[in-house]
Amino acid sequence: MHINTAFSRPLEEYRHMVYETRDEFATRLGISAQTYRKIMRGGDIEMPLKRQIADMLGLPTPALIAEFGLHPSAATLAAYDADIYAANTAHMWQQFDLETGTFSNDPAFALATEEGA
């Protein structure tokens with residue numbers, strides 16, 4: 001099963017963003033057209049090549065490329081669903097402030113979350 005996270009994009013989407021053919025895009029990534037086709041078929045490639053491709057795209061990690069991203073197991077996804085359900089039921093969501101690196105107990109956030117549901 002192939003799962004795209006909210007933050008990852010398929011290589012084909014990156015290719016379309018620069019209006020290149022598959023061969024041109026492979027050259028941009030520093031790989032052969034054959035290797036690009038292998039990736040598109042779901043073939044496995046070594047981690048150093050995944051890092052190279054991410055670097056050529058200006059990405060900090062290969063996990064932001066859908067074909068290379070993390071694919072949680074069905075059990076892990078079920079656990080996530082259970083945790084989300086529990087947090088929704090108990091109104092346990094908190095807002096995280098990226099600037100301060102802390103969680104907020106701001107009642108306005110909780111209220112807005114409840115109203116949006």
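In the range 7-15, the count of residues that are open to solvent by 50 Å² or more (accessible area, probe 1.4 Å), modelled with pLDDT under 95 and outside any helix (DSSP H, G or I) is one or more.
Conditions (1) part of a helix (DSSP H, G or I); (2) in contact with a Cys (Cβ under 6 Å, 6 or more places away or on another chain); (3) not acidic (Asp, Glu), marked per residue:
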site: PHE25; (1), (2), (3): yes, no, yes
site: ARG28; (1), (2), (3): yes, no, yes
site: GLN34; (1), (2), (3): yes, no, yes
site: ILE39; (1), (2), (3): yes, no, yes
site: ASP44; (1), (2), (3): no, no, no
site: ILE53; (1), (2), (3): yes, no, yes
site: LEU59; (1), (2), (3): no, no, yes
site: ALA78; (1), (2), (3): yes, no, yes
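Applying the criterion of being among the aliphatic types (A, V, I, L, M) and part of a helix (DSSP H, G or I) to the residues of the range 80-100, the residue that is least open to solvent (accessible area, probe 1.4 Å) is ALA87.
The values are calculated or read from the model by the stated rules, or taken from the named source; none is laboratory data. Quick caveat, the model's predicted, so the values are computed rather than measured. Glycine also receives a Cβ, built like all others from the backbone with ideal geometry; neighbour counts cover every protein chain displayed. Protein only, heavy atoms only, side chains kept; ligands, DNA and RNA dropped before computing areas. Shrake-Rupley method; radii C 1.70, N 1.55, O 1.52, S 1.80 Å.
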